[in-house]
Every structure is written in structure tokens, then in C-alpha cells.
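One structure below.
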Amino acid sequence: MRGAEGAVVPAAGTRTASSSGTIRTTFAAVPHRGTVFAAKATLVAAVMYVLTLLSCSTAYVVGDATLPEGRYAQGDPLPALFGIAASFAVAAVLGLAVGTLVRHSAGAVTTVIGLLLLPSLFGNAERWIAGLSPAAALEKLTQTSDAAADTVGSLGPWPSLLLVAAGTAGVSLAALLLRRRDV
């Protein structure tokens with residue numbers, strides 16, 4: 001949509017750093033766009049990791065205290081809690097990278113939801129596709145009964161998380177194309 005002077009005006013509810021112009025100020029202060037992206041990715045990942053670790057640890061303690069003893073099988077919580085927190089941090093960085101590439105809020109949210117959920121929909125056709133899904137890595141880390149090899153692939157939880165992290169790193173590298181794009 002164009003305003004009175006012919007400038008592009010974003011639609012209501014789609015204000016991003018690119019559309020509101022605050023990204024210009026950021027790049028004026030720090031002209032190295034890769035540094036800006038790396039700082040944002042580090043902050044987003046750290047905040048998400050800490051919040052997820054605290055939330056999941058609290059949920060584990062509350063669940064352990066309220067569930068009847070011996071009725072439900074429990075796995076080892078510590079490596080799983082660290083992996084779950086890492087999985088959420090990786091998903092947050094994926095969202096940042098896609099948002100940087102797409103530069104439109106609704107399009108970025110739709111794309112990330114598709115990237116997170118779409119591979120698990122093809123699980124019956126190809127197990128390895130389902131195993132690449134961040135949701136599959138999360139199911140494996142939480143040690144749910146739904147995490148069978150025929151639904152989430154045959155990789156273990158940590159290799160699956162590493163594959164998801166590698167895919168996120170690839171999307172993040174693509175987001176660094178921001179250097180070559182106008183603000």
C-alpha cells in the first residue's frame with residue numbers, strides 16, 4: 001500500500017524493524033549486518049534457552065510431585081531438559097533467520113510454522129523426512145511414547161537435534177544475504 005507521497009506504508013499489524021525503519025538506525029550504529037544478526041541470534045537463543053530450561057525444570061518438579069509414584073515411567077531428566085531447552089533455542093533462531101529473510105511478520109510466522117510442522121506430516125511417506133523435524137527432535141528428547149522410529153525417524157535425540165541445528169545454521173547463513181539487500 002502506498003501513502004500520500006508514494007512511500008510504501010505497511011499494512012496494519014505488520015510493523016517489523018524493516019517496515020518501521022528502526023533497522024536503519026541499527027545499521028547506522030553498527031554497519032556490519034552480520035554482527036547485528038549474530039548479536040540478535042545470540043540474545044534470542046540465550047533468552048529462549050534460559051526461559052525454557054527454567055519452565056521445563058519447574059514443570060518436571062511439579063509433575064514429579066503430583067503424579068503417583070511408580071505409575072508412570074520416567075527417563076533421566078537432566079540431559080533431556082538441556083536438550084529440550086536447546087531445541088527451543090534452535091527454533092527461536094530459526095524464527096529470527098526466517099524473519100530476517102522474509103521481512104514480513106505474517107509471512108515469517110507462516111513459514112516457521114510450516115518448517116516446524118510440515119516434515120512430521122510426511123512421516124508416513126518417508127521416515128527420514130519426519131526425523132528432520134524440530135518437533136521430532138523434541139519428541140525424542142522428551143522421551144514420549146509417540147517417539148517411535150516409524151513416526152519420528154530412527155535417529156537418536158541428539159543426532160536429530162544436531163541435524164535441526166545444522167538446518168537452522170543454513171537458514172541463518174542465507175539470512176546473512178541481508179548484507180546485499182536494501183533496508
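Legend: residues 30, 90, sorted from most to least accessible area (1.4 Å probe; ligands, DNA and RNA excluded), read 30, 90.
Put simply, when 67-73, 100-106, 44-50 are sorted by average Cβ atoms within 10 angstrom per residue, most first, you get 100-106, 44-50, 67-73.
A simple spin-label model places the labels of residue 82 and residue 66 2.8 nm from each other, with each point 7 Å out along Cα-to-Cβ. Here the spin labels are modelled as points 7 Å beyond Cα on the Cα-Cβ line, and at residue 25 and residue 43 they lie 1.3 nm apart.
The values are calculated or read from the model by the stated rules, or taken from the named source; none is laboratory data. Nothing here was measured: the structure is a model prediction, and the numbers come from that model. Ideal geometry is used to build each Cβ from the backbone, glycine not excepted, and the neighbour counts take in all protein chains shown. Quick note on the areas: whole protein, heavy atoms, side chains included, nothing else; ligands and nucleic acids left out. Shrake-Rupley method; radii C 1.70, N 1.55, O 1.52, S 1.80 Å.
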